[in-house]
Amino acid sequence: MQFLKGFANFAAKITENKTGIMTGEAHRPGRIEVVCGSMFSGKTEELIRRLRRAQFARQKVEIFKPAIDVRYSEEEVVSHDQKHILSTPIDSSASILLLSSDCDVVGIDEAQFFDMGLVDVCNELANRGIRVIVAGLDMDYKGVPFGPMPALCAIADDVTKVHAICVRCGNLAYVSHRIVEGSQRVLLGETQEYEPLCRECYQKEVRNEK
């Protein structure tokens, strides 16, 4: 009898509550989740997957991306495999606080392009009880930690590093190698501008370029 009672309580916890919200997603505490890696590693795809689950759980979700990122769409976050989700393009991390005061989950794509204020913004949101999911490049094309990403990884409750495949040898990629001319740190591009390389192949390429 005690076993059956315990099982019934467990079953109740994984079903919808009286408001129709799935308790498995609804009762997450405020937290920061970071998804990082090189280009073509599936960061945005993983971000969209988590945000879709939150929407399916009937949570209020707000999604933001840098206004400069118009590669696929001006108003959508779009992965390389063409998965997409509607977002709000912004120029400053401060706008996130103004636009997400009444939500359960905040998603942020291409976080490396934001200002360093994004770190405090994410902390503030998490302290309010909001789940914050951030995706971005952990390093630039030279293998240098990129923008606010290192600090976000440091304060995150959970960090997921995803990997592309090195186009030279098939090992796990380490960095996004730029294959076009240009020394500016921010250069939006795709396969025509970047290729994922493992550490060994990247070091060989660097030596060849000298």
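Quick look at the numbers
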read-out: Residue within segment 127-138 that is under 28 Å from residue 52 (Cα atoms) and open to solvent by 60 Å² or more (accessible area, probe 1.4 Å) present; value: yes
read-out: Enumeration of residues in segment 138-180 that are among the small types (Gly, Ala, Ser) and assigned to a loop (DSSP other than H, G, I, E, B); value: 143, 147, 156, 164, 170, 173
read-out: Residues that are hydrophobic (A, V, I, L, M, F, W, C), farther than 19 Å from residue 90 by Cα and under 13 Å from the mean Cα position of the chain (by Cα), drawn from segment 49-71; value: none
read-out: Lone unmet requirement of (1) at pLDDT below 95; (2) part of a helix (DSSP H, G or I) for residue 80; value: (2)
read-out: Exclusive hit being open to solvent by 70 Å² or more (accessible area, probe 1.4 Å), of a type in the set (Lys, Arg) and modelled with pLDDT under 95, set 28, 58, 53; value: 28
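Matching residues to (1) more than 23 Å from residue 66 (Cβ to Cβ); (2) open to solvent by 30 Å² or more (accessible area, probe 1.4 Å); (3) in contact (Cβ under 8 Å) with a residue 40 or more places away in the chain; (4) aromatic (Phe, Trp, Tyr):
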position: 121; (1), (2), (3), (4): no, no, no, no
position: 149; (1), (2), (3), (4): no, no, yes, no
position: 164; (1), (2), (3), (4): no, no, yes, no
position: 176; (1), (2), (3), (4): no, no, yes, no
position: 200; (1), (2), (3), (4): yes, yes, no, no
position: 206; (1), (2), (3), (4): yes, yes, no, no
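The values are calculated or read from the model by the stated rules, or taken from the named source; none is laboratory data. All values reported here derive from a predicted model rather than from experimental measurement. Heads up, the Cβs are rebuilt from the backbone with ideal geometry, glycines too, and the neighbour counts pull from every protein chain shown. Ligands, DNA and RNA are stripped out before the accessible areas are found, and what is left, the full protein with its side chains, is counted by its heavy atoms. Shrake-Rupley method; radii C 1.70, N 1.55, O 1.52, S 1.80 Å.
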